[in-house]
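**Q** This is the structure I have questions about; it appears just below.
The values are calculated or read from the model by the stated rules, or taken from the named source; none is laboratory data. Note that the structure is predicted; figures quoted are calculated from it, not measured. Positions of Cβ are generated from backbone atoms using ideal geometry, with glycine treated the same way; all protein chains shown enter the neighbour counts.
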Amino acid sequence: MSWFLPRSSTLIVLHREHPHCVLASSMNYEQRHPSGSDSLKAASMQAVSRHADITIEDSESVNFDPRLERRLRLKIDMCIVPIVAILYLFCFIDRANLGNAKIAGMDKDLGMKGYDYNMVISIFYISYILFEIPSNVLCKWVGPGWFIPLLTVLFGVASVGTAFVNTVPQAAGVRFLLGIFEAGMMPGIAYYLSRWYRRSELAFRLSLYIVMAPLAGAFGGLLATAILKLESFGSLHSWRMIFAIEGIITIGLGIVAFAILTDRPETAAWLTPEEKRLAIARVQSERVGSTQVLDRIDTKKLKRGIFNPVTLSTAFVFLLNNITVQGLAFFAPTIVATIYKDRTVIEKQLFTVPPYVVGAFFTVLFPLISWRIDRRQIFFILSAPLVMVGYSMFLGSHDASVRYGATFLIASSAFSLGALTNAQVSANVVGDTARSAAIGTNVMFGNIGGLISGWSYLPFDAPNYRIGNGLNLAAAGTGLLISTLTLLWIRRDNRRRRALDVDGELRDKPQQEIEDMDWTHPGFLWKE
């Protein structure tokens, strides 16, 4: 059998009996370092030859057929992405429904005063941030096919629990638990999808579930509106029904996901043996210097993911971006209420929907273009000016139509960076453990931005919220600067790496050391 790919992108040596043992040499490595390709192949062969029952003679050389790859990719798209997208939709709804509950009277019923609402928001992000990286490491250890459904059930239970709180401390306690359970969802799903897709394909697939964040704002507003039209749900009324009904739906989805979510290609009952081998080979083909798809967890590999220069730069950009994204999620209903003061509660809920629909469109569009051009960093740079213009409109005008229009501009550019930043950190590491740590780090930083956003719109600053709008304007400007400098650094460091003598750099190094080099491998090039 052969999977043929024009342009000679990847040569795979895949053992017939042991599809998890893959020898790979990547296009980026061989074409840019022709003298070093022998070192990589030899290292791979040495690693595989350690297995007594595997010999190079028993292996077969395999190339990729684009038609078979497209068919496999579509199959994965249909069987994996819709499930995780729906789970993430209710993850974000259960997080952001606090804003809908507030304008339905939650703050008055709980006796919130001053900064109580901001405190309840912030307590969620404290636990979310603390458990981000540990949760993603645990996801790798347990397996995402089990871990993601488990988290879904748990944060659904926490949402139902919110319906029964009677004091601000009780609300804060339940939100702290919600943060623990939701911490692993965004990085866990991103890591999970990286088991199935190439680096260039990943951003678009991430967007197909991250688009659920703006859709949660739209759908959550509509769902909250429909729920509030009910007279009661058992003994619950008004805002309490929002948390209870949405939480019960979430629990049901989590239970279903236990039965249908596949952990990795090797265990996918809906793939043929040939498709499983191709799925593994596609991912392995991009692992420079590595012969493993799923490696063992150790501290050195975790540090390679966390302290990667592109990981840290991208994570800080995501932090700044998330000040806007999370601020919009929690305060869009409040902002709309200050713009349209004379509208009914239900009308105010509905006014929050259209900006999110626009945001959802661009959340998918930008990563789709990114997939086609295999670039992500440029979109960090292009999105920032749109956010800056939007917040300048907030600061410069008191006209309701202008300010409402600004929310569309902000939503159209801010939401797409969730997919793009996670894809960028994933593309710039090699090993599976490093990837889980890099994604966890990125999302952890992003949620520090969420914590900041909880204090960006303060009661004394209403109704114009000049502090919050000014903070978001400054964050977008800083993100623009960091993104531009990072792109320039990537191009400079790649020029340095291309000039290296790869064979000389790897000479006399043991195979295990080469396996553990990750992005420090001399044949590795940064992805823009």
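**Q** Scan the range 340-395 residue by residue and report those that are charged (D, E, K, R) and within 16 Å of Gly217 (Cβ to Cβ). Even if it seems obvious, please write down each step before you answer.
**A** As a first pass, look at the range 340-395 and keep what is charged (D, E, K, R): 341-343, 347-348, 372, 374-376.
Across the range 340-395, the qualifying residue is only Lys348.
**Q** Now, a different point. Filter the range 155-196 for residues that are hydroxyl-bearing (Ser, Thr, Tyr) and at pLDDT below 90 and give the result.
**A** Going through the range 155-196, the residues hydroxyl-bearing (Ser, Thr, Tyr) turn out to be 159, 162, 167, 191-192, 194.
Result: Tyr191, Ser194.
**Q** Kindly indicate whether any position in the range 481-503 is farther than 30 Å from Glu201 by Cα and at pLDDT below 90.
**A** First, pick out the residues of the range 481-503 that are farther than 30 Å from Glu201 by Cα: 501, 503.
Then keep just the ones that are at pLDDT below 90; that gives 501, 503.
Scanning the range 481-503 turns up at least one residue that is farther than 30 Å from Glu201 by Cα and at pLDDT below 90.
**Q** With the requirement that a residue be modelled with pLDDT under 90 and farther than 17 Å from Phe318 by Cα, what does the range 358-371 give you?
**A** Across the range 358-371, the qualifying residues are Val358, Ala360, Trp371.
Table: residues versus (1) part of a helix (DSSP H, G or I); (2) touching a residue at least 60 places away in the same chain (Cβ under 8 Å); (3) on the phi < 0 side of the Ramachandran plot; (4) surrounded by fewer than 19 Cβ atoms within 10 Å (Cβ to Cβ).
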position	(1), (2), (3), (4)
Pro367	yes, yes, yes, no
Phe379	yes, no, yes, no
Leu386	yes, no, yes, yes
Ser401	yes, no, yes, yes
Ile410	yes, yes, yes, no
Leu420	yes, yes, yes, no
Gln424	yes, yes, yes, no
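**Q** Can you spot a residue in the range 126-145 that is closer than 24 Å to Met241 by Cα and of a type outside the set (Phe, Trp, Tyr)?
**A** Going through the range 126-145, the residues closer than 24 Å to Met241 by Cα turn out to be none.
Within the range 126-145 (the criterion being closer than 24 Å to Met241 by Cα and of a type outside the set (Phe, Trp, Tyr)), the answer is no, since none of the residues qualifies.
**Q** Let me ask you something else. Would a scan of the range 337-347 turn up a residue that is basic (Lys, Arg), farther than 30 Å from Ser456 by Cα and at pLDDT 70 or above? Give the derivation first.
**A** Step one: list which residues in the range 337-347 are basic (Lys, Arg), which gives 341, 343.
Checking which are farther than 30 Å from Ser456 by Cα leaves us with none.
No: the range 337-347 contains no residue that is basic (Lys, Arg), farther than 30 Å from Ser456 by Cα and at pLDDT 70 or above.
**Q** Now for a separate question. Filter the helices (runs of 4 or more DSSP H) completely within the range 162-257 down to those with at least 2 residues that are buried (at least 20 other Cβ atoms within 10 Å of the Cβ) and without any contact (Cβ under 8 Å) to a residue 60 or more places away in the chain. I'd like the intermediate steps shown before the answer.
**A** Details: elements: 168-182, 185-194, 199-210, 212-228.
By residue number, 168-182.
**Q** Then there's this: Residues in the range 177-211 that are over 11 Å from the mean Cα position of the chain (by Cα) and either of a type in the set (Gly, Ala, Ser) or within 16 Å of Leu151 (Cβ to Cβ) (or both): how many?
**A** The total comes to 8.
**Q** Quickly run through the range 98-115 and pick out the residues that are in a helix (DSSP H, G or I) and surrounded by fewer than 17 Cβ atoms within 10 Å (Cβ to Cβ). First the steps, then the outcome.
**A** Going through the range 98-115, the residues in a helix (DSSP H, G or I) turn out to be 98-103, 106-109.
Correct list: Lys108, Asp109.
**Q** Let me ask something else about it. Just to be sure before I move on: is Pro144 surrounded by fewer than 20 Cβ atoms within 10 Å (Cβ to Cβ) and either touching an Asp or Glu at 6+ places or on another chain (Cβ under 7 Å) or assigned by TED's automatic domain parsing to the domain that holds Asp109 (or both) in the structure I sent? I'd like the intermediate steps shown before the answer.
**A** Values: surrounded by fewer than 20 Cβ atoms within 10 Å (Cβ to Cβ): no; either touching an Asp or Glu at 6+ places or on another chain (Cβ under 7 Å) or assigned by TED's automatic domain parsing to the domain that holds Asp109 (or both): yes.
So Pro144 fails the test.
**Q** Check Arg73, Arg95 and return the single one that is in contact (Cβ under 8 Å) with a residue 24 or more places away in the chain, surrounded by fewer than 20 Cβ atoms within 10 Å (Cβ to Cβ) and not aromatic (Phe, Trp, Tyr).
**A** Values: Arg95 fails: surrounded by fewer than 20 Cβ atoms within 10 Å (Cβ to Cβ).
The match here is Arg73.
**Q** Which residues, taken from the range 340-357, are in a helix (DSSP H, G or I), out of contact with any Leu (no Cβ under 9 Å at 6 or more places or on another chain) and buried (at least 19 other Cβ atoms within 10 Å of the Cβ)?
**A** Lys348, Phe351
**Q** Is it true that Ala85 is more than 15 Å from the chain's Cα centre (by Cα), under 22 Å from Ala218 (Cα atoms) and buried (at least 17 other Cβ atoms within 10 Å of the Cβ)? Lay out the reasoning, then the answer.
**A** Values: more than 15 Å from the chain's Cα centre (by Cα): no; under 22 Å from Ala218 (Cα atoms): yes; buried (at least 17 other Cβ atoms within 10 Å of the Cβ): yes.
So Ala85 fails the test.
**Q** Among the residues of the range 452-466, is any in a helix (DSSP H, G or I), among the hydrophobic types (A, V, I, L, M, F, W, C), within 22 Å of the chain's Cα centre (by Cα) and surrounded by fewer than 24 Cβ atoms within 10 Å (Cβ to Cβ)? Talk me through it step by step, then tell me what you get.
**A** In the first step, residues of the range 452-466 are kept if they are in a helix (DSSP H, G or I); the result is 452-453, 459-461, 466.
Going one step further and asking which of them are among the hydrophobic types (A, V, I, L, M, F, W, C), we end up with 452, 460.
Imposing the further condition that a residue be within 22 Å of the chain's Cα centre (by Cα) reduces the set to 452.
If we keep only those that are surrounded by fewer than 24 Cβ atoms within 10 Å (Cβ to Cβ) as well, we get 452.
The answer is yes; a qualifying residue exists.
**Q** Picking from Leu302, Leu319, Leu328, which residue would you name as being modelled with pLDDT under 80 and in a helix (DSSP H, G or I)?
**A** On the way: Leu302 fails: modelled with pLDDT under 80; Leu319 fails: modelled with pLDDT under 80.
None of the other options fit; the residue is Leu328.
**Q** OK, next. Give Ala337, Ala414 a once-over and let me know the one that is under 20 Å from the mean Cα position of the chain (by Cα) and crowded, with 16+ Cβ neighbours inside 10 Å. So that I can check it myself, show each step before the final result.
**A** On the way: Ala337 fails: under 20 Å from the mean Cα position of the chain (by Cα).
Answer to the check: Ala414.
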